[in-house]
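Written out below as structure tokens is the structure these notes cover.
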Amino acid sequence: MTKPDVVLEDLTLPEGLRWRDGWLWFSDLLGHRVMRTDAGGRAEVLAAVAGRPSGLGFTPDGHLLVVSMRENQVLRLGPDGLEVAADLSPLARAYCNDMVVDGAGRAYVGDVGFDRHAGEPPRNGALLRLDPDGTMAVAADDINFPNGAVLTPDGRTLILAETFANRLTAFDVDDAGGLHRRRLFAEIAGTPDGIALDAEGAIWVADHLGHKVLRVLEGGRVTHTIDAGERHTFACALGGPERRTLFFSTSIGNSHPEFERNRLGRIEALEVAVPGV
């Protein structure tokens, strides 16, 4: 594939990429801010989040939702700034991370299960569900470091990255947002982080420790590989006018607090053949 273009630099760790209304929305996790940029690199800071912003999503009426990792909260961006939409602390074992929001406004938020940067021993986490009325529940338990997630256009299938299990896992979604028929979507020869779904049902996967972005079909066949060199990859999204621009985020460091002053994060992009859903 062709060499990616650099869209935006001088970031810490860009996460939670989402394309909407002609903008790429993202969290600059170690920079404690939520931002957006257009395809030309014109950027705006939308809000400051002291507790590390991560996963992003949108309610049906267009409000931005933000996961605040260290507080285990879901924040909503309104006219007067960020407000707490829900506190997931009663359900979270460690800290919350990535998120996907469905067409009914239900937010699925990954609780990673342990604080690896604090030296805690590994333990499985869970996928939590926040309903529009504020009800919270464990949607799926025993998840090995839940990370990026996508929903199919009909809202009937949720696909989730289990980072340290080296796999993508799929669930059926019922009318009430319940998850059923857990199954393997694809084994990944790497560490899947953020993911994006294209119109052929393939998943673009940011392979964090593998320094790559992969396009993976159900069953595990890799059709395309983007080599990020020495840079870690964190998240990806399909956007642009025809949804054929693959945006992905990279950095030299990771999410450890020692990298908070690292300004080596950036967002890169290249054109792909199959558009996003």
As an exercise: evaluate residue 12 against (1) over 22 Å from residue 125 (Cβ atoms); (2) among the polar types (S, T, N, Q); (3) open to solvent by 10 Å² or more (accessible area, probe 1.4 Å) and give the number of the one condition it does not meet. (3)
How many residues are surrounded by 17 or more Cβ atoms within 10 Å (Cβ to Cβ) and modelled with pLDDT under 95 if we restrict to the stretch 33-48? 1
Run residue 96 past the list (1) within 20 Å of residue 19 (Cβ to Cβ); (2) out of contact with any Pro (no Cβ under 9 Å at 6 or more places or on another chain) and report the number of the one that doesn't hold. (1)
Does residue 193 fit the bill of being over 20 Å from residue 275 (Cα atoms), over 16 Å from the mean Cα position of the chain (by Cα) and of a type in the set (D, E, K, R)? no
Note down all Cβ pairs under 6 Å where the first residue falls in the stretch 190-207 and is modelled with pLDDT under 95, the second is surrounded by 24 or more Cβ atoms within 10 Å (Cβ to Cβ), and they're at least six residues apart or on different chains. none
What number goes with the only condition from (1) over 21 Å from residue 192 (Cα atoms); (2) at pLDDT 95 or above; (3) not small (Gly, Ala, Ser) that residue 3 does not pass? (2)
For the stretch 113-158, the count of residues that are polar (S, T, N, Q), surrounded by 13 or more Cβ atoms within 10 Å (Cβ to Cβ) and part of a loop (DSSP other than H, G, I, E, B) equals 3
Just give me the residues in the stretch 49-60 being open to solvent by 10 Å² or more (accessible area, probe 1.4 Å) and either modelled with pLDDT under 95 or out of contact with any Gly (no Cβ under 8 Å at 6 or more places or on another chain) (or both), in sequence order. 50, 52, 58
Here are some residues: 178, 219. Which one is open to solvent by 20 Å² or more (accessible area, probe 1.4 Å) and more than 19 Å from the chain's Cα centre (by Cα)? 219
Would you say residue 202 is touching a Cys at 6+ places or on another chain (Cβ under 8 Å) and open to solvent by less than 20 Å² (accessible area, probe 1.4 Å)? no
Could you list, in sequence order, the residues of the stretch 80-112 that are more than 22 Å from residue 25 (Cα to Cα) and either open to solvent by 30 Å² or more (accessible area, probe 1.4 Å) or modelled with pLDDT of 95 or more (or both)? 87, 88, 89, 90, 91, 92, 93, 112
Somewhere in the stretch 19-32, is a residue surrounded by fewer than 17 Cβ atoms within 10 Å (Cβ to Cβ) and part of a loop (DSSP other than H, G, I, E, B)? yes
Residues 164, 234: which one is surrounded by fewer than 23 Cβ atoms within 10 Å (Cβ to Cβ) and under 29 Å from residue 136 (Cβ atoms)? 164
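Go through the stretch 185-240 and tell me which strands (runs of 3 or more DSSP E), entirely inside it, have 2 or more residues that are in contact with a Gly (Cβ under 8 Å, 6 or more places away or on another chain).
Working: elements: 192-197, 203-207, 212-216, 222-227, 232-239.
Output list reads 192-197, 203-207, 212-216, 232-239.
The values are calculated or read from the model by the stated rules, or taken from the named source; none is laboratory data. Please read these numbers as outputs of a predicted model, since none were measured by experiment. Ideal geometry is used to build each Cβ from the backbone, glycine not excepted, and the neighbour counts take in all protein chains shown. When the accessible area is computed, the model is the full protein with side chains, heavy atoms only, and any ligands, DNA or RNA have been set aside. Shrake-Rupley method; radii C 1.70, N 1.55, O 1.52, S 1.80 Å.
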